[in-house]
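Let me begin by presenting the structure, written as structure tokens, before commenting on it.
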């Protein structure tokens, strides 16, 4: 088989220091020379044991350089794990995912540091920029990027805290954090975000799908709410993936007004992982090519970004599909 037809494995994309860029190929240079913490977690989940070890060492380097007494942990970094000052925006879901990684590695010291950080910022009431770096506020000229309280961010953090409680320590500190988080999530659902200044609510947002993957207790126990979330999410499903939210005008490289919303195929993979509906496995894999795991499609055309977390989702889906066979 020629090299051109072979799938590039995640293990070949992770550097010796554990760094993996957001994308192998992209017109956006930020994607090829920076890594997102959120992406690293999903790549970690899909990787083999040796690659997991490298990725985790990368997390340790990142925290040694950026945790300390900083106001917030940055969501992305360069190949040497340095903070990019142009991205001075907290995305709290990534911290919850880093905590899950530390617990999986049985690194109690690092996990405790992250627990302390989440308690310090009061993650259950801490506005951040969410999975989409601001719910599309940069998509429209003149708009200002705004912090909001995001359900998906709270859930990602609370999931890490739940895992800490189960695997490391069921302390009063942890129980109080979870109590606060559960109450906040119950108050916010089925909304994704609440704008603190105006109390404007955001309901339709594909980021909410992450709350249904290994959900935290309040969602896991509320089947009616799960159905409501799916009803809302399914309104965002399109031919080549899910759009981020209604009237989105981001094309994966620039913020524009002229294009139709980008379809994100990754959400087909995530929906398959949650529902085990083979239809979504087929939809996802039919859009993925061995050496172009496209970030998204606009009017049926790939935006040309070979996204590494799509590679991770593809491997996770194939593992689940094989187990179900």
Ranking of 172, 152 by count of other Cβ atoms within 10 Å, fewest first: 172, 152
Anisotropy class of the stretch 63-139 from Cα gyration tensor, a/c 1.5 cut: prolate
Sorted by Cβ density within 10 Å, fewest first, the residues 317, 157: 317, 157
Identified option (computed Cα Rg over 2.2 N^0.38 Å; candidates [x] 0.99; [y] 0.94; [z] 1.05): [y]
Orientation-averaged projected area, Cα convex hull of the stretch 236-317 (nm²): 5.0
Alpha-carbon centroids, the stretch 54-131 and the stretch 271-303: separation in whole Å: 29
Helix-derived mean residue ellipticity, 222 nm - over the chain, DSSP H n ≥ 4, -39500 (n - 2.57), to 500: -14000 deg cm²/dmol
Coarse-grained scattering of the stretch 16-118 at q = 0.10 Å⁻¹, given as base-10 log I(q)/I(0) from a Debye sum over alpha-carbon atoms: -0.24
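Taken together, the values in this text are just the output of simple stated rules run on the coordinates, not laboratory data. In this text the structure is predicted, and so the values were computed from the model without any measurement. Heads up, the Cβs are rebuilt from the backbone with ideal geometry, glycines too, and the neighbour counts pull from every protein chain shown.
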